[in-house]
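Q: There's a structure below that I have some questions on.
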Amino acid sequence: MTTNKIFTIVLVLLVLFIGVVGYYAYMINGQVNTLNQRLAGFESQQTAGIQAISDNIAALKSSTEGNLSALQSQAAGTRSDINSLKTDISAAASNISALGKRLDITDASVAGLSGSIANIPAVYQKAVKAVVRITNGQTESGSGFIYDSAGHVVTAYHVVDGLSPIYIMLYDGRVVHAIIQGYDSVSDVAVLKLDLNPSVEPLQIADSAKIQIGQVVMVIGSPGDSEDPLGLKNTLTSGIISQVNQYVVVEDRATPNLIQVDAPVNFGNSGGPLFDSSGKVVGIADARIDPTIGDGISWAISSNKVKRVADSIIANGNFPYPYLGVNLSDLTPLQVTQKGLPSSNGALVSSISGGPASAAGIQAGDVIVSIDGVPVNSMADLTCYLGEFKSPGDTSNLELQRGSGKIKVTVTIGLRPAG
């Protein structure tokens with residue numbers, strides 16, 4: 001009885017347990033179905049969302065590619081426009097540069113014109129105080145000017161050659177005794193030493209290599225002498241540079257490094273300053289051509305030559321003039337034709353007169369066409385170059401036309417023989 005009851009109870013409990021389990025299984029299965037449905041719906045939504053996103057991306061890509069293509073086309077057009085603009089800017093810059101150069105030239109011309117007109121009175125008032133008259137105490141011989149703060153006077157050598165005694169008449173009326181400290185007859189430059197320093201501000205020396213043909217220059221007129229019946233003193237005349245680097249025989253004097261001017265040079269003005277519109281000395285008056293031979297032709301020794309000679313005299317008492325040892329002449333049209341030369345440019349060696357040229361192998365009949373790379377178009381070019389740039393002991397490289405060919409030689413510059 002007891003066993004049956006236990007079995008019955010167990011059976012009832014088992015049935016209850018199975019029922020409970022079945023119930024929970026049923027409930028769980030329902031929830032699983034619900035979750036499956038929700039998951040399916042979520043998946044459907046996500047799939048739809050992903051598709052929409054994909055469609056949007058495809059549309060965006062298509063739109064972006066179209067825009068990018070348009071932008072690339074625009075960029076290509078912009079680059080073309082920029083390149084064209086660069087070309088225009090470059091052309092404009094070139095035009096501006098050219099215009100600037102023209103304006104610089106115009107400004108320089110206007111400034112020069114303005115200076116040569118507006119400043120002449122002021123320049124004269126300053127320059128004339130340094131101009132001196134040179135006399136033997138009775139008759140006046142020529143002019144000169146105060147060269148440095150030590151009171152040296154520079155003049156043309158022919159003004160004081162044989163003059164004794166020598167007196168300097170200053171602008172303020174003072175008279176000072178002077179002696180010749182040194183001279184170079186070839187350059188026609190002399191330096192005078194005064195007994196006392198007059199304490200007059202010296203004139204400034206310009207670089208004569210920079211002067212231009214057509215440039216306005218001025219001369220302080222005659223101090224007055226026996227050849228000047230008008231007795232003109234300290235008058236101002238003006239003109240222009242007619243030519244440079246001239247080698248001219250004047251009154252039996254062959255002088256290199258001359259500037260040709262058309263400024264009226266009065267009697268007794270030799271040795272006086274030729275100056276530019278700023279008041280700087282570009283040369284010293286040396287000679288004038290007789291008006292019956294060549295009207296309006298006067299000569300001045302270039303300031304660079306004057307300075308080179310004067311500085312050497314002041315420092316050493318003399319100027320060692322360079323010497324090549326050749327006699328030169330310009331080529332005539334007939335000689336150019338006979339020699340079969342390409343042009344008349346050059347200095348013809350007519351003969352050998354000294355050691356330097358002979359030692360270098362230069363021969364009569366050679367045509368010197370350049371020196372140290374500088375073209376030689378005439379005898380004057382070569383002579384002026386030697387006088388202004390070379391000294392005894394220097395070497396120079398010459399290019400010679402010999403026959404139908406050209407040769408190069410190196411020559412050691414010598415010292416010009418006395419006399």
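Q: What residues have an amide H closer than 5 Å to that of Ser270, excluding those fewer than 5 places away on the same chain, when H is modeled at 1.01 Å from N in the peptide plane?
A: When sequence neighbours closer than 5 places are left aside, the close amide H contacts are Ser143.
Q: Using a 7 Å offset from the Cα along the Cα-to-Cβ direction at both Ala209 and Thr410, what is the distance between the two label points in nm, to one decimal?
A: Using points 7 Å along Cα→Cβ, the separation is 2.3 nm.
Q: What does the charge count near Val250 come to, summing +1 for each Lys or Arg and -1 for each Asp or Glu among other residues with Cβ under 11 Å from its Cβ?
A: -3
Q: Ratio of the stretch 322-415's C-alpha Rg to 2.2 N^0.38 Å, to two decimals? Present the calculation step by step, with values, prior to reporting the outcome.
A: Values: Rg = 12.2 Å, N = 94, 2.2 N^0.38 = 12.4 Å.
Cα Rg divided by the expected 2.2 N^0.38 Å: 0.98.
Q: For the stretch 126-316, what class follows from the C-alpha gyration tensor (a ≥ b ≥ c being the square roots of its eigenvalues): rounded when a/c is under 1.5, otherwise prolate if a/b is larger than b/c, else oblate? Before the final figure, lay out the partial values.
A: Details: a/c = 1.39, a/b = 1.24, b/c = 1.12.
Taking the square roots of the gyration eigenvalues as a ≥ b ≥ c, the stretch 126-316 is rounded.
Q: Amide H neighbours of Ile240 under 5 Å, counting only residues 5+ apart in sequence or on other chains, H built in-plane at 1.01 Å?
A: Val217, Asp262, Ala263
Q: At 0.36 nm per residue, minus the direct Cα-Cα distance, what do Leu14 and Asn29 gain on full extension? Give it in nm, one decimal, please.
A: 3.2 nm
Q: Along Cα→Cβ, 7 Å out, is where each label goes; now give me the distance between the ones at Ser238 and Ser164 in nm to one decimal.
A: Modelled inter-label distance: 4.3 nm.
Q: Run the paramagnetic zone check for Ile120: 7 angstrom along Cα to Cβ, then residues of the stretch 238-272 with backbone nitrogen under 20 Å.
A: 238-243, 260-267, 269, 272
Q: Suppose each label sits 7 Å from its Cα in the direction of the beta carbon; what would the Arg402-Asp330 distance come out to in nanometres?
A: About 2.7 nm separates the two model spin labels.
Q: Return the sequence-ordered ³J(HN,Hα) values of the stretch 14-19 in whole Hz as given by the Karplus equation 6.51 cos²θ - 1.76 cosθ + 1.60 applied to θ = phi - 60°, using x for Gly and Pro.
A: Karplus-based 3J(HN,Hα) across the stretch 14-19 equals 5, 4, 5, 5, 5, x Hz.
Q: Can you work out ³J(HN,Hα) from phi for every residue in the stretch 324-337, in order, using Karplus 6.51 cos²θ - 1.76 cosθ + 1.60 and θ = phi - 60°, giving whole Hz and x for Gly and Pro?
A: Karplus values, whole Hz, x for Gly and Pro: 9, x, 9, 9, 10, 7, 7, 6, 8, x, 5, 5, 4, 5.
Q: Turning to a different aspect of this structure: Enumerate the amide H contacts of Ser370 below 5 Å, restricted to partners 5 or more residues apart or on another chain; note that Pro and chain-start residues carry no placed amide H.
A: Residues meeting the criterion, in which the H sits 1.01 Å from N, are Val376, Glu399.
Q: List the relative contact order of the stretch 126-316 as a percent without decimals, with contacts defined as Cα pairs under 8 Å and 6+ residues apart.
A: Taking the mean separation of contacting Cα pairs over the length of the stretch 126-316, I get 22 percent.
Q: Given the options Asn316, Pro202, Ser143, identify the residue whose Cα lies farthest towards the positive end of the charge dipole of the stretch 126-316 (+1 on Cβ of Lys, Arg; -1 on Cβ of Asp, Glu).
A: In the stretch 126-316, that residue is Pro202.
Q: For a test of understanding, tell me how many lysine pairs in the stretch 292-419 have Cα atoms under 19 Å apart, given they are 8 or more places apart or on different chains.
A: Taking the Cα cut-off of 19 Å, the pair count is 5.
Q: Taking θ as phi - 60°, what are the ³J(HN,Hα) couplings along the stretch 204-218 by the Karplus curve (6.51, -1.76, 1.60), each to the nearest whole Hz, with x for Gly and Pro?
A: 7, 9, 8, 8, 5, 5, 9, 6, 10, 4, x, 5, 6, 9, 9
Q: I would also like to ask the following. Taking 0.36 nm per intervening residue step and subtracting the Cα-Cα distance, what contour gain separates Ala150 from Val374 on full extension?
A: 77.0 nm
Values quoted throughout were computed directly from the atomic coordinates according to the rules given, and no laboratory measurement underlies them. The model shown is predicted, which means the values in this text are computed figures rather than measured ones. Cβ sites come from the backbone with ideal geometry, for glycine too, and all protein chains shown count toward neighbours.
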